[in-house]
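Laboratory data are not the source of any read-out in this text; all were calculated from the coordinates shown. Given the structure is predicted, the values throughout are model-derived calculations rather than measurements. Positions of Cβ are generated from backbone atoms using ideal geometry, with glycine treated the same way; all protein chains shown enter the neighbour counts.
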Amino acid sequence: MRWVTLALALAVVGVQGELWLGKGNMPQVVSLRMQLAQQQQANDAARSRNARTVAEVSDLKEGLEMVEEKARSELGMVKPDEILVQYTRAAAPAAPPAAPPAATAAIPSATGTSAGATPGAAKP
C-alpha cells in the first residue's frame, strides 16, 4: 500500500511539473491570453475604421453632398456665386504695449560732453 501511495504521489508531481515547466506551461498560457486580448482590441479598432470607410465610400458613390462637403472642407472650394468669409479667434489677448521710455537726462561723459550734445560743441 505504501508503494502505491508513493507511485501516485510521483505521478501527481510529474503531471504538475509538466504543467508548470513543460510545453504549454501556465506562464506561457497567461502571456498568450494577454496577447490575444490586445489583438482583439486592435481588431475591434480596425473593424470600426473599416465600417467608417465603407460608410464614407457608399456616401461618395450615392450622393454629391459628401463630395461637395469634402471639396469645401479639405480643398477650400467655393461656388462661383459665393463669398468666402473666414475668421479666426485670437489664441490669447495681446500684452499691452510697453510704456515709452522716460526722457533721458544729459549725463556728462569723460570727454566733458553731455549725452545729446554735439561732440564738437564747447562746454559752457
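Sequence-ordered 3J(HN,Hα) estimates for region 72-80 from the Karplus curve with 6.51, -1.76 and 1.60 and θ = phi - 60° stand at 6, 7, 8, 10, x, 7, 10, 6, x Hz, glycine and proline given as x. Gap in Å between the Cα centre of region 73-87 and the Cα centre of region 1-54? The two parts, judged by their Cα centres, are 59 Å apart. With both labels modelled 7 Å from their Cα along Cα-to-Cβ, the residue 46 to residue 33 distance reads 2.4 nm.
Gyration tensor analysis over the Cα atoms of region 1-83 returns equivalent ellipsoid semi-axes of 68, 11, 6 Å (largest first, whole Å). Convex hull volume of the Cα atoms of region 6-51, normalised per residue: 58 Å³. Each peptide in 64-74, 34-44 gets a packing score, the mean of other Cβ atoms within 10 Å over its residues, and the list from highest to lowest is 64-74, 34-44. Note on residue 55 and residue 89: the model spin-label points, each 7 Å out from Cα along the C-beta direction, lie 2.7 nm apart.
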